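Any read-out appearing in this document is the output of simple, stated calculations on the displayed coordinates, not a laboratory observation. This structure is a prediction, so every number in the text was calculated from the model and none was measured. Here the Cβ is made from the backbone with ideal geometry for all residues, glycine too, and neighbour counts use every protein chain on show.
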Amino acid sequence: MKKNLLQEGIIPAINYHLWSKCNMNCKFCFGQFKTTSHDRMLSGKMSKKESLQLVQMLIDYGFEKITFSGGEPTLCPWLPDLLKLSKQSGLVTCVVTNGSQITTNWLEKNHPYLDWIAFSIDAIDSDVNIRSGRCLASDVKQDEHYYMQRIKLIKEYDVKLKINTVASKYNMHVDLNDFISRVRPHRWKVFQALPIANENQAYSSEFCISLKEFNAFKNKHHEALKATCIVSESNYQMTNSYLMVNPHGCFFDNTNGKLNYGSPILKVGVEQAMGECLYSVKKFIQRGGIYDWKSENKIENRPKKITLSGGVASGKSTVGKILAERLDYSFKSIGQKTRQIAEQRGLTILEFQQECLNNPELDKEIDREFSNECNAATDLVIDYRLGFKFINSSFNIYLKVSDDTALSRLKKANRKNETYHTLHDRNDCFVQQFKNTYNIDFTKEDQYDLVLDVDDMAPDEIVDRILIEM
Ligand code: SF4
């Protein structure tokens, strides 16, 4: 029976950096493996036979997806053999490329064995690409024409397209909204340029950007969100969230800002070699590593209404506002509506809540008015615990938070009087109120389309995750 690696705590997708050479020279590149320790290697580099043997071992171990990366993997003469072996063995295949070898001939030969091409595009202005080193030594310019020509071919051959963009000082000012909206890739992945000791460190002051700058780069691309699913990876998210193999057939990780290598897989086997490296399945899942690898573009079918539910301090409102901004949707909250009605009645919010407790009909009236407003509109993110019940055709999310995290959030928000006791009281009060009025338990997870455990997640990460899952 086929193993379920995820259930065993193993990342089911492999990134095989099979070829360290590249015909470009990006200053932020860490894929040239300058620090590979040669005493650990079988030989200087792997032969075609060894490379095929290695991929066969990964297949036999039960990996589900293989991404061939580099350097530039299309320069490896036996990449077609590896793709064929992987695809015929049932793996989902992907090639990360700078596009230089993507021609009709290359696609004609490889497309039957290729599910995804991840095309590295940081800018469509060739001057920006020259500054970062993402360019060929020849006269061919890496401009819009270069990229569009190859994208057209990829689409003609029906290979799914992912665009990988490294956000760095070189392209911070670049706006790719229009380009991405026209290209409509299946996924757009934006990385924060990652400094790695002895690999790209010499240029780190030239390319590194802060997390704030990275978020600003990502957030300004809200128009592109209408055309694709955007996934972003900060330096923290990229660290130890991949299962990677280097050109010499050793697993490696990127703990502590450097590349750390295990023993050759061909020598010690997958299990032992993998055990010598650090990786986190949780981080892999949190960075969106699991998605429907075989699916078509989900953007056309993106839900027009999204509801957020959860306990006190689960972050519904903060997450809802960011999500609405990223999707260019409006944000609505039942809390705002309740305050508005209280004001209309000349009551404080506390007086009004008391009145609601004594008179469930008042609650029903608020729900009716609020849900009618939401149901009549479109493109909405709605902070509403009962949204899953009253909002039509919505995607319903439950944000799950532990008491410890909820309490620490409340304390940070200067609600110093909150204790476990008051937190439980407030959560119980909501549960009781909805039970009395509607006989509904909003905490039952099977009523939602997506339940997220948000304890270790920042609001931006939660939004990234929601965008992947929808
Ligand atoms: S194209 Fe990719 S592999 Fe080549 S130098 Fe740039 S980042 Fe490195």
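Computed quantities for the displayed model
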read-out	value
Spin-label pair Asp125/Lys304, simplified geometry with 7 Å Cα→Cβ offset, distance in nm	3.8 nm
Length-normalised contact order of segment 13-286 in % [C-alpha pairs under 8 Å, at least 6 apart]	22 percent
The chain: calculated mean residue ellipticity at 222 nm from DSSP helix runs of at least 4, using -39500 (n - 2.57)	-11000 deg cm²/dmol
Radius ratio Rg over Rh of the chain, counting only Cα atoms, Kirkwood formula for Rh	1.03
Met238 versus Tyr438: modelled label distance in nm, points set 7 Å from Cα along the beta carbon direction	4.4 nm
Relative packing of 242-251, 361-370, which averages over residues the other C-beta atoms within 10 Å, highest first	242-251, 361-370
DSSP bridge orientation in segment 305-469 - percent antiparallel, rounded to nearest 5	0 percent
31 Å Cα-Cα threshold exceeded, pairs from Lys160/Lys316; Lys316/Lys364; Lys3/Lys34; Lys141/Lys282	Lys160/Lys316; Lys3/Lys34; Lys141/Lys282
Subset of Lys21/Lys48; Lys162/Lys218; Lys21/Lys283; Lys27/Lys258; Lys48/Lys152 violating a 21 Å alpha-carbon distance limit	Lys21/Lys283; Lys48/Lys152
Acute angle (nearest 10 degrees) that the helix 48-61 long axis makes with the longest principal axis of the chain, alpha-carbon atoms	30 degrees
Rough spin-label spacing in nm, given labels placed 7 Å along Cα→Cβ, for Met148 and Gln53	4.9 nm
All-pairs alpha carbon distance profile, segment 305-469, 5 Å steps from 0, percent	1, 8, 17, 21, 22, 17, 10, 3, 0
Neighbourhood charge, 12 Å Cβ-Cβ cut-off, centred on Thr239 and excluding it, Lys, Arg +1 and Asp, Glu -1	+1
Relative contact order (%) - the chain, alpha-carbon pairs under 8 angstrom, separation at least six	14 percent
Theoretical gain in end-to-end length, Gln353 to Cys429 [0.36 nm per residue, Cα-Cα removed]	26.2 nm
Cβ-derived FRET efficiency at R0 25 Å, Asp449 paired with Val268, nearest 0.05	0.05
